[in-house]
Amino acid sequence: MHFGDKMDRNKIEKIAHTPEDRMLLAKLWDKINAGMRKNIPANTCFLSPRELEMARYLFGEPEGLYTFGGYGDAERRMLIYLPEYMEESSLLEEDSPCICLRAVFYQGDSPSHRDFLGALMGAGIARETVGDICVDKGSCDFFVTAEIAPYILQNFTSAGRTKLHLQQVPLTEANIPEPEVKELKDTLASLRLDSVISSGFRIGRSLAAQYVSAGKAAIDGLPCEKPDKAISEGAKISVRGLGKIKLHAVNGKTKKDRISVIIHRYM
């Protein structure tokens, strides 16, 4: 992520939509600003794409500020300040503020992302201390803050009925499985959000618009309540209750003046 304008704490009031936003942004500011003033490393908890977007408006683009979630395409990321005497590559080393834990289990059980997240929350672990959860066959690599890692290693023993064996693994050895996708080819009258959702989930456009207007849709992690929002190639769209899709390719116009697209639906 790139940060744009100069840092200004007064922006918090303009950016925050809720008291919770205000509290979070103030906490982020205090942590990162303290690191910058003292010229020492500083990091926040894991942030959602929406929270990262707010942080982008708050901090601008100061030298040494990074977002990091343990691997390149991480959705949930920490905001990290590194002094000039530290390289970005240090984020992958043993003393990184981000830790990768691997849970190994009997492959026949096949617990889901929801099972792991629910079990972590049920164990009293705060959501902001957990990053992405990458479930594969027989194992799950997930990312946590360095502070909470020892507690999880000692206390996280099962996800639902599935028994887990935990260990810490180097970030460079994290196993990030390729997501299973179903490829859908279609033609659309336009690249409106409701049209793309309608095609990707095989529902009527009016129903797709209702999902969007009800605040259940997000584009690249950012909430959107405008059914007519134009969607760009590569955008990922999640709809609460339906799942996630990606506008994988836009292939130009057909003879009937419709737009040929390829949509990936994540299974």
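General remarks:
- Residue 233 vs. criteria part of a loop (DSSP other than H, G, I, E, B), charged (D, E, K, R), within 30 Å of residue 136 (Cβ to Cβ) and out of contact with any helix residue (DSSP H, G or I) (no Cβ under 7 Å at 6 or more places or on another chain): yes
- All conditions but one from (1) within 29 Å of residue 172 (Cα to Cα); (2) surrounded by 15 or more Cβ atoms within 10 Å (Cβ to Cβ); (3) not hydrophobic (A, V, I, L, M, F, W, C) apply to residue 62; the one that does not is (2).
- Boolean, residue 108 is under 18 Å from the mean Cα position of the chain (by Cα) and within 21 Å of residue 134 (Cβ to Cβ): no
- Reported count of residues in the stretch 74-108, each being open to solvent by 70 Å² or more (accessible area, probe 1.4 Å) and farther than 22 Å from residue 172 by Cβ, is 4.
- Filtering the stretch 38-74 to residues that are at pLDDT 90 or above, assigned to a loop (DSSP other than H, G, I, E, B) and touching a Lys or Arg at 6+ places or on another chain (Cβ under 8 Å) leaves 48, 69.
- Residues satisfying the criterion are present in the stretch 153-165 (criterion: aliphatic (A, V, I, L, M), out of contact with any helix residue (DSSP H, G or I) (no Cβ under 6 Å at 6 or more places or on another chain) and touching a residue at least 60 places away in the same chain (Cβ under 8 Å)).
- Taken as a whole, the condition of being open to solvent by 30 Å² or more (accessible area, probe 1.4 Å) and on the phi > 0 side of the Ramachandran plot applies to residue 243.
- Condition check for residue 131: on the phi > 0 side of the Ramachandran plot and either modelled with pLDDT under 95 or surrounded by 14 or more Cβ atoms within 10 Å (Cβ to Cβ) (or both): no
- Residue within the stretch 89-99 that is touching a helix residue (DSSP H, G or I) at 6+ places or on another chain (Cβ under 6 Å), under 30 Å from residue 267 (Cβ atoms) and in a strand (DSSP E or B) present: yes
The values are calculated or read from the model by the stated rules, or taken from the named source; none is laboratory data. Keep in mind that this is a model prediction, so the values were computed, not measured. Don't worry about glycine lacking a Cβ; one is built from the backbone with ideal geometry, like all the others, and counts go over all protein chains shown. Only protein heavy atoms, including side chains, enter the accessible area calculation; ligands, DNA and RNA are left aside. Shrake-Rupley method; radii C 1.70, N 1.55, O 1.52, S 1.80 Å.
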